[in-house]
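Asker: Once you've had a glance at the structure underneath, I'll fire off some questions.
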Amino acid sequence: MFGFFRRRVADRAQAEELTQETFLALLRSAPHYRPPATFRTYLYAIGFNVLRAYRRKAVFRAMFSGTNDREPAARDSLDGEIVLRDALSRLERVDREILLLREFEQLSYAEIADVLRLPLNTVRSRLFRARMALREMLASPVREKTLTVSAEQEERV
Amino acid sequence: MTKTEYCVSAEDVMALLDGELSAADARTISAHVEECSECALVVEQLRGVSQALSTWNVPEVSMAVDEFVEEQVEKLHSRRSMMRVRFSPRNLFAVGGSVAGALVMFLLAAVLARPHGQLARMSVTAPTTEERQYAPPPARSDHIVPEAASHASLDAVSMRALASFEDRSPTTTAPMIARRCR
């Protein structure tokens, strides 16, 4: 679960806090769990609710503080991670979530459809589209450009 | 990347790699991919993406989070076990038994107390000639509180019983009762 948040929220401490919050929510809602839904689907559905609440708060904070702390750059991130984060951030939000759930959480198409409440065929077509788009982004010269930009950013920090 | 670019759907090739096809479909697509260079290229591209993503490792979560979660689970377990003790069927049976026992005792007490009550009611509703003689007039009896009335009738009964034993006339005791009732 920590990995789920760590890949979606750049700040490690924040990811840990969200992990704790998810487990608390899971424990509280355990009596409502119904076996037909797989446990993983249930867990990630809670995770997404926690993440959505966090993002809403972040947008709200940014509105009033005037700063954009939506996705703060992680200082301890590796170059490869920065490149991937950057490439993934350029994908459409739903496509990105489908791709991450498949690649890192190893959810089946049906489970992803359950968690994101999408038709199975939509999951399949969007997953293919996301993979192909990511491949192009990683293969194109943008990669070098991104690496240079991220190195400059780190120097400035 | 549409279906027309490949002999079979590229999405089917992806589903094959993800293990999302039925056994029959997997055999068909797999056999095709072995012969089709375009589909083999799709396989290579998809594997490349997965490989690139697999390099993104996330470090282990800190011990504090683990400990926090374990602590919460422990708390929940202890709370649930307490609830189980409090509302276990065995306890409910014991409580139910006690309530039933108390009810039986109450009914028994009511049944045993019944003859006295009836007697008292009889003496109030149907006074003897002696009582009628010394009883207060009806207008005044309205002022007597029910409790006092029942005491008076009980006293009358006990006095009568005493008189029958001691061979004393009830007329000597009756005025006392009437006075008390007023």
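The values are calculated or read from the model by the stated rules, or taken from the named source; none is laboratory data. Being a predicted model, the structure only gives us computed values, none of them experimental. Please note: Cβ atoms are built from the backbone with ideal geometry, for glycine as well, and neighbour counts cover all protein chains shown. We work out accessible area using only protein heavy atoms, side chains counted, and drop any ligands, DNA or RNA first. Shrake-Rupley method; radii C 1.70, N 1.55, O 1.52, S 1.80 Å.
Asker: Go through the range A:123-142 and flag every residue whose accessible area shrinks by 20 Å² or more with all protein chains in place compared to the isolated chain (probe 1.4 Å).
Answerer: Buried-area filter returns A:124, A:125, A:128, A:131, A:132, A:134, A:135, A:138.
Asker: Moving to a separate point now. Please give the contour-minus-distance gain from residue A:104 to residue A:120: 0.36 nm per residue of separation, less the Cα-Cα distance, rounded to one decimal in nm.
Answerer: 3.9 nm
Asker: How much net charge surrounds residue A:133 when only other residues with a Cβ under 11 Å from its Cβ are counted (Lys, Arg +1; Asp, Glu -1)?
Answerer: +3
Asker: Can you tell me how much longer the chain between residue B:66 and residue B:30 gets when fully stretched, taken as 0.36 nm per residue apart minus their C-alpha distance, in nm with one decimal?
Answerer: Result for the pair: 8.6 nm of gain on full extension.
Asker: Then there's this: Once label points are set 7 Å from the Cα along Cα→Cβ at both residue A:40 and residue A:14, what is their separation, rounded to one decimal in nm?
Answerer: 2.7
Asker: Report the A-B buried area as the accessible area lost on both sides summed, probe 1.4 Å, in Å² to the nearest 100.
Answerer: 3000
Asker: For the pair residue B:112/residue B:55, report the inter-label distance in nm, with labels modelled 7 Å from Cα in the Cβ direction.
Answerer: A separation of 9.2 nm, rounded to one decimal place.
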